[in-house]
Amino acid sequence: MLGTMMRFPLTLTAVLEHAGKLHPDVEIVSRLPDRSLHRYRYADFFRRAKQLAEALTAAGLERGDRVATLMWNNYAHVEAYFGVPAAGGVFHTLNLRLHPDDIAYIANHAGDRFLIVDDVLVPLYEKIRDRVKFERVFVVSHSGTPVSAPYEDYEALLKTATGKFVFPEIDENEACGMCYTSGTTGKPKGVAYSHRSMVLHSFCISLPDVLNFHMRQTAMPVVPMFHANAWGIPFAAVLTGTKLVMPGPHLDAESLCDLFTREKVTCAGGVPSLWLGVLDLLKRERAKYPTVAGMRLLVGGSACPESMLRSFDELGISICHAWGMTEMSPVGTLGTLKPRMDQSDKDTQYRYRAKQGMPLPFVEMRIVGDEGEAPWDGETMGELQVRGPWVAATYYNPDGKVTSWTDDGWFRTGDVVNIDPEGYVKITDRTKDLIKSGGEWISSVDLENTLMGHPAVLEAAVIAVAHAKWAERPLACVVLKPGAAVTAKELKDFLAGKFAAWWLPDAIEFVPEIPKTSTGKFQKTRLRDMFKDYKLAS
């Protein structure tokens, strides 16, 4: 027997129209590159996103075409988040923190047709201009400086719209957006999100025990919009009529705290390294920012130390762990405590809060070890595998064999975890030797292969070591060829032209040999033991 309900598609177009009609007076506030504030309302956002959809359609955008963005968090980026898919296209956020070689590869692999770029990022685009195939490039001139050929003005593009555009009917399973992950070795891999997955993810993260978005909240995605959909915060805010505050390129503690206070932000999401800077500032100048007490900070990208949780609590600011992946849209867990834990002692509460949290509704999890599926006993470790309606089932146009999914359809996260009987996940290690610095992945293998391309280097292994600000930073262990000589600075200079600056190892140690397994692979567990107390400069 079938239900008697209508088959109504879950699309971002419906979310956009709902916001425009029901929440026209809600604000979107953006800090521009010159530090001035751009302020407008959802009514303006709705009108301009619709103009963008019409203008792109008139420019030749067809169903499924990709429109890339190279932008910071601002009002125009939110317009692209909704206007591109409302036209039947697919918005594709390019990570401006990647090396230009990677950005060019990703844009070409995705087959991006058009690009929308902030004026301050045009110099970055020009580094890849001769290697990409954009048909048209639209510049958002935040400074008001006229846009000249070969670029086109974003505002002029919007003005070509007649206002008579009718949104096309879209199947909820059509793609609406794309992100690429460099969270594994090899080339970056694309994830194509559907309208359905994005809407369901937005509903779920808006729940009271998740982000608790509603009309009386003010949300600020400090996490960049090119990083896993800014954790879905812009979509959930528009869905619920939540005021949005966008920090632009200014992510220093003073700028963030100024916006927190000026706009009375109630919830913000970012990586631990950013919150460390905020914590340090508030400890020194608490009186300057009176409204921050009562805020809720969402932390993800890497683990938040328990000491940070305690320090923010002392300031009256709640900080909550989340965990997810690009392949998961991205939120998979959140660290809200169960009500009966309110009666536990503080140490017990902090022990739970320092974990990555419980799975969200519809996110199913299992731990798989050498002996099969492991119990949720808080001790047994294994690889975390997930499935759910906003979890990817494959990569977009993958190069080579895909091994990230099991035969029975679960996504292999690559994280080694345990899950306690209450359902709280604790990440204990990673199955692959990636380094997560400030919430961004660094591939140890890519660094190693490049180092071993130096004529003086015989072998090189890169491991993660603890860092007070960035959580993890790379340490390179190098074996020189007999009779060869090279300095650490020379090796860093050798890497500098091939990787983004934040990828480069903080230190290079010369060792007589690198431990190996019986099959000849580098035994990084032994290296990590050897350098477990290694101190990097702050």
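Considering Val465, Val416, Val478, Val445, which residue is more than 14 Å from Ile508 (Cα to Cα), of a type in the set (A, V, I, L, M) and in a strand (DSSP E or B)?
Being more than 14 Å from Ile508 (Cα to Cα), of a type in the set (A, V, I, L, M) and in a strand (DSSP E or B) holds for just one of Val465, Val416, Val478, Val445, which is Val416.
I need a count of the residues in the stretch 237-262 that are over 24 Å from Leu279 (Cβ atoms) and touching a Leu at 6+ places or on another chain (Cβ under 8 Å).
The number of residues fulfilling the criteria is 3.
For the stretch 313-340, enumerate the residues that are more than 21 Å from Val416 (Cβ to Cβ) and surrounded by 14 or more Cβ atoms within 10 Å (Cβ to Cβ).
Asp313, Leu315, Ile317, Ser318, Ile319, Cys320, Ser329, Thr336, Leu337
Of the residues Arg47, Arg113, which is modelled with pLDDT of 95 or more, charged (D, E, K, R), part of a strand (DSSP E or B) and in the same structural domain as Ala175 (by TED's automatic domain parsing)?
After ruling out the rest, the residue left standing is Arg113.
What number of residues within the stretch 33-61 satisfy the criterion of being out of contact with any strand residue (DSSP E or B) (no Cβ under 8 Å at 6 or more places or on another chain), over 14 Å from Thr160 (Cβ atoms) and crowded, with 21+ Cβ neighbours inside 10 Å?
The number of residues fulfilling the criteria is 2.
Mind counting the residues in the stretch 50-81 that are basic (Lys, Arg) and either closer than 21 Å to Arg97 by Cα or modelled with pLDDT under 95 (or both)?
Total meeting the criteria: 1.
Restricting the search to the stretch 4-21, which residues are closer than 20 Å to Phe165 by Cα and among the aliphatic types (A, V, I, L, M)?
Within the stretch 4-21, Leu12, Ala14, Val15, Leu16, Ala19 qualify.
Conditions (1) assigned to a loop (DSSP other than H, G, I, E, B); (2) modelled with pLDDT of 95 or more; (3) more than 22 Å from Gly20 (Cα to Cα), marked per residue:
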residue: Val139; (1), (2), (3): no, yes, yes
residue: Gly144; (1), (2), (3): yes, no, yes
residue: Ala161; (1), (2), (3): yes, yes, no
residue: Val166; (1), (2), (3): yes, yes, no
residue: Glu172; (1), (2), (3): yes, yes, no
residue: Gly177; (1), (2), (3): no, yes, no
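Give the stretch 481-532 a look and list any residue that's outside any helix (DSSP H, G or I), over 32 Å from the mean Cα position of the chain (by Cα) and not hydrophobic (A, V, I, L, M, F, W, C), or say none.
Those that are outside any helix (DSSP H, G or I), over 32 Å from the mean Cα position of the chain (by Cα) and not hydrophobic (A, V, I, L, M, F, W, C): Lys481, Pro482, Gly483, Thr487, Pro512, Glu513, Pro515, Lys516, Thr517, Ser518, Thr519, Gly520.
The values are calculated or read from the model by the stated rules, or taken from the named source; none is laboratory data. Just so it is clear, the model here is predicted, and its values are computed rather than measured. Cβ: placed from backbone, ideal geometry, glycine included. Neighbour counts: every protein chain shown.
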